[in-house]
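Just so it is clear, none of the values below were taken in a lab; they were calculated from the coordinates. Quick caveat, the model's predicted, so the values are computed rather than measured. Neighbour counts are summed over all protein chains in view; Cβ atoms, including those assigned to glycine, are modelled from backbone coordinates with ideal geometry.
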Amino acid sequence: MAKIFCVANQKGGVGKTTTTVNLAAGLAKVGQRVLVVDLDPQGNATMGSGIDKRALDLSVYDVLLESSSVAEAKQHSEKAGYDVLGANRELAGAEVELVSLERRERRLKTALSAVKDDYDFILIDCPPSLSMLTLNGLCCAHGVVVPMQCEYFALEGLSDLVNTIKQVHANLNPDLQIIGLLRVMFDPRITLQNQVSDQLKSHFGDKVFDTVIPRNVRLAEAPSYGLPGVVFDPSSKGAQSFVEFAREMVRRVGSM
């Protein structure tokens, strides 16, 4: 049965989509069956997996409105090695349409329950705001992976996210927990980043993943080619770090 993880952070521009697609590609490389669910109307995880969001016949929008199943709407990314439940601008309309519907925050959970035995991991790329879409992701997840830069403002955003997760845990999803914090875009030459990294480890302990993702140009270039960095340049430091992170995730899930 699949472990479902949201990749979330209420601060924008911290590498959520980069983390989602590269973790998915890394997990696929180490032999895991993976589904990526793109819950962001920008559709960056869809495009970054090599799937054209403009050509989608069915998307996560149709799944949330229950006019399609996950099995019908998903596509396989041949290059990246995992399945994708894609998103495009239509998804922005789902915010408004879901408000008046029954079970509005549990629709994704219901849809994914039909395919949970087909995968080892389901990764959900959440938008940066706490919206009805993010809430759907958090309500069906076993845990949250939090990518964050080691900067002062990132700590402020993290406290907001922790409070959100506590509220969802208390009211909607008792299984929800923080699986771990992933330090991304890390440059060990910057003193402040090392200080924030040490603060994270002292405060969150083993909730901080051992793997650190370095700042890496090849990871930044990969989306323009419609590929995760792990596939675009497997020899780059960023790609190798994500494969190591995938192995760490498999070990951590095995001990849960």
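What to note about this one:
- Condition broken by Ser129, with the remaining ones in (1) part of a helix (DSSP H, G or I); (2) of a type outside the set (A, V, I, L, M); (3) under 19 Å from Gly143 (Cα atoms) satisfied: (1)
- Residue among Leu155, Leu130 that is over 15 Å from the mean Cα position of the chain (by Cα), surrounded by 14 or more Cβ atoms within 10 Å (Cβ to Cβ), within 19 Å of Gly15 (Cβ to Cβ) and among the aliphatic types (A, V, I, L, M): Leu155
A quick yes/no check of all residues on (1) over 30 Å from Asp187 (Cα atoms); (2) under 15 Å from the mean Cα position of the chain (by Cα); (3) assigned to a helix (DSSP H, G or I):
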position: Asp117; (1), (2), (3): yes, no, yes
position: Leu135; (1), (2), (3): yes, yes, yes
position: Pro147; (1), (2), (3): no, yes, no
position: Gln167; (1), (2), (3): yes, no, yes
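- Each residue in the stretch 176-197 was checked for being of a type outside the set (S, T, N, Q) and exposed (fewer than 12 other Cβ atoms within 10 Å of the Cβ), and 2 pass.
- Residues being over 30 Å from Arg106 (Cα atoms), touching a residue at least 40 places away in the same chain (Cβ under 8 Å) and touching a helix residue (DSSP H, G or I) at 6+ places or on another chain (Cβ under 7 Å) - total across the stretch 175-192: 1
- Filter result (in contact with a Cys (Cβ under 8 Å, 6 or more places away or on another chain) and closer than 23 Å to Ala220 by Cα) within the stretch 145-189: Val145, Arg183, Phe186
- Considering residues of the stretch 221-250 that are small (Gly, Ala, Ser) and without any contact (Cβ under 8 Å) to a residue 60 or more places away in the chain only, the residue surrounded by the fewest Cβ atoms within 10 Å (Cβ to Cβ): Ser235
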